[in-house]
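The values are calculated or read from the model by the stated rules, or taken from the named source; none is laboratory data. Here the structure is a predicted model, which is why all the values come from computation and not from measurement. Methodologically, a virtual Cβ is constructed for each residue, glycine included, from the backbone with ideal geometry; neighbour enumeration extends over all protein chains shown. Please note that ligands, DNA and RNA were not included when accessible areas were found on the heavy atoms of the full protein model with its side chains. Shrake-Rupley method; radii C 1.70, N 1.55, O 1.52, S 1.80 Å.
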Amino acid sequence: MTRSEFEEKLFGVLKWISIVFFTIISLFPLVYMLALSFKPIAELLTNPAQWWPSLEQVFSFETYKAVLRPVGEGGFGFTVFIKNSAIVATVTVITTLAVGILAAYAVARLNFFGKKTISVAIILVYLFPVVVVSIPLFVMFSRIGIRSSLYALMIVYLASTLPVAMYMLRGYFQSIPASLEEAGQVDGLSRMGVIRKITIPLAMPAIAAVGLYVFMIAWNEFLYALLFVLENRDLWTLSLGVAQLDNQEVPKTMLMAGSVIISLPVIFLFFVAEKFLTEGLTAGGVKG
Amino acid sequence: MSDTKLKRQKKSGLKRRESRFGLALILPAVIVVLLLVILPLFWNIALSFQSARLINIQDVKLVGFDATLRNFERVLSDREFWPVLRTTFIYTIFGSILSILMGLWAALALRKAFRGRAIVRGLVLFPYVVPVIAAAFVWQVMLNPNFGITNVWIERFGGTAIDFLGTKSYDLSVFGIFTMSIPLALITVIVFEGWRYFPFAFLFILAALQSQSEEIEEAALVDGATISQRFWYITIPALKPVLSVLFLLRFIWTFNKFDDVFLLTGGGAGTKVITVKIVDWLLGRGDVGAAAALGLILAVILGVVVALYFKFFYVEDTA
């Protein structure tokens with residue numbers, strides 16, 4: 001056997017081993033999380049090797065019920081956190097898209113004074129340490145008295161998702177032929193009309209992808225939520241709610257149930273729009 | 001007035017209007033960035049030079065320096081400062097490299113089409129897509145010394161349970177010949193980093209591989225180059241630009257990362273990085289000034305490292 005033949009064989013086998021390896025490491029933690037979230041903790045502690053739940057346990061939803069029940073009834077009040085997270089994330093998507101679409105259009109299509117500086121500055125902002133900005137924002141918002149509110153979170157999430165959104169949308173707007181927009185202008189549309197009636201409908205797939213992406217960032221965010229609303233339980237977002245389950249007194253199976261709850265919408269959205277998202281990720285060099 | 005002059009005037013009027021329209025469209029974004037990023041940034045500098053405490057946060061000045069260096073003295077003379085800095089660099093460098101190597105490996109394995117590739121490519125992105133909070137807690141539970149699956153398997157093969165995230169240094173016996181002390185919790189956090197962010201590197205590298213022309217590889221194949229030779233002499237050189245961008249991005253983002261370490265270990269067992277230390281100063285000790293000072297130090301170090309990287313290592317995309 002020549003070296004070349006040997007390598008063909010070797011790497012042919014290694015390739016399949018690698019594919020299996022990567023599939024397992026990507027999927028197994030999620031499967032384990034889901035399985036444990038249904039398991040009664042006592043059973044897990046007596047026999048940790050038996051981590052697969054029985055069908056009965058799955059359909060009893062015991063841990064989930066405990067996590068979702070209001071605090072007054074001995075639960076952890078997750079329904080409130082889900083609501084808070086959904087509100088904050090949805091508002092962030094709307095504001096970021098509104099501001100981002102206009103700004104991205106300006107950078108992609110129009111010539112104006114200071115355009116280059118502004119667009120470079122906004123991209124650079126994206127690379128900047130969040131922690132460094134979070135301290136002054138913490139003090140600033142405390143001073144004007146809005147820190148402990150969902151509005152504060154919406155505002156900082158807008159600021160932290162705007163650069164990505166602009167960057168991704170700009171790329172897409174540039175790929176739309178300018179002639180289509182010129183045709184619209186010839187037909188008597190105003191500049192704003194062109195954006196509303198031609199550019200936005202054409203860019204809808206990209207806008208949807210950016211919207212999903214922004215939603216995920218806001219939904220998953222932890223540091224600002226910790227800094228801003230920790231002392232007021234009614235304002236907790238899901239990530240804070242799950243973090244409070246990381247506690248000696250709470251069974252780890254409930255921690256897993258909380259983790260499943262926060263992951264479900266994200267995984268669902270990912271399945272719906274995988275193609276857009278992966279393209280967006282590589283195009284925008286998305287932060288993580 | 002001549003005809004051409006009129007035309008020119010009309011044209012410059014159009015240009016002016018376009019300019020005004022463009023500025024109007026971008027104005028909201030500029031205001032957001034100015035108010036919520038640039039202004040806080042400068043204010044962070046001001047904060048780091050005044051003594052500001054969480055308890056009297058309402059007295060913190062918006063402008064004006066106390067011109068005190070006490071915050072920096074406190075931060076730099078803290079006994080944890082140098083260990084934390086060292087941990088941050090180890091975590092950042094090895095975490096970045098590991099995620100890129102794993103991403104490269106996955107991209108090579110999934111490069112050529114096969115049945116089910118689309119599905120595998122989607123699944124492989126999971127670690128990156130799952131909320132960090134869920135990912136960190138699953139790892140915590142999987143590695144739990146009492147009932148985690150990892151230790152179930154270790155014990156099944158006759159070992160003793162290991163507390164991966166809670167052991168600062170672990171005496172590893174190498175073939176029973178000698179023992180070596182390894183920073184186990186830090187290594188575990190780095191492996192988590194590699195696991196969580198390899199899909200990011202994978203996407204970039206796969207896109208780069210697929211946009212490469214196949215002619216050179218085919219020519220090399222005709223010349224009898226083996227797979228490993230083609231990898232070292234063709235694929236890797238061609239990937240240099242994307243690898244160097246990836247390292248830069250991963251380095252910056254890992255250096256600034258807070259959630260992962262905080263959620264996995266809370267900064268215990270020798271895993272405390274600068275960002276966790278900053279939040280420590282802020283919430284743990286209520287020392288806003290010191291937190292701001294350390295934040296400034298973090299930004300300066302990062303700036304210097306990135307500048308050095310551009311000067312010495314960055315490979316520009318010539319294609």
Can you give the accessible area of B:Tyr128 in Å² (nearest 10), computed on protein heavy atoms with a 1.4 Å probe?
-> 30
Excluding ligands, DNA and RNA, what is the solvent-accessible area per residue of chain B at a probe of 1.4 Å, expressed in Å²?
-> 50
Based on the Cβ-Cβ distance of B:Ser228 and A:Ala208, what FRET efficiency does E = 1/(1 + (r/R0)^6) give at R0 = 41 Å, to the nearest 0.05?
-> 0.40
Measure nothing fancy, just the Cα-based angle from helix A:204-220's long axis to the longest principal axis of chain A, in degrees from 0 to 90, nearest 10.
-> 40
Pick from B:Ile57, B:Ile26, B:Ile205: which is most flexible by mean-square fluctuation in a GNM of chain B where alpha carbon atoms under 10 Å apart are linked?
-> B:Ile26
What average number of partner chain Cβ atoms lie no more than 10 Å from the Cβ of the residues making up A:186-193?
-> 1
Using the heavy atoms of the protein chains and a 1.4 angstrom probe, tell me the accessible area per residue for the range A:3-68 in square angstrom.
-> 59
From other protein chains only, count the Cβ atoms within 10 Å of every residue's Cβ in A:22-35, then give the mean.
-> 6
Compare the peptides B:287-295, B:118-126, A:36-44 by average per-residue count of other Cβ atoms within 10 angstrom and give them in order, highest first.
-> B:287-295, A:36-44, B:118-126
Rounded to a whole number, the mean other protein chain Cβ count within 10 angstrom for residues of A:98-104 is 5
Degrees between helix A:252-272 axis and first principal axis of chain A (Cα, 0 to 90, nearest 10) | 30
Quick one: how many Å² of A:Arg143 are accessible to a 1.4 Å probe, rounded to 10?
-> 90
Which entries in A:Lys252/B:Lys257; A:Lys116/A:Lys197; A:Lys39/A:Lys275 show an alpha-carbon gap greater than 31 Å?
-> A:Lys39/A:Lys275
Under the Karplus relation with 6.51, -1.76 and 1.60 and θ = phi - 60°, whole-Hz ³J(HN,Hα) for the range B:151-159, x at Gly and Pro, equal 6, 4, 6, 4, 6, 4, 8, x, x
Among the aspartates and glutamates, which have Cα under 19 Å from the Cα of B:Lys168 when same-chain residues fewer than 8 positions away are ignored?
-> B:Glu80, B:Glu193, B:Asp260
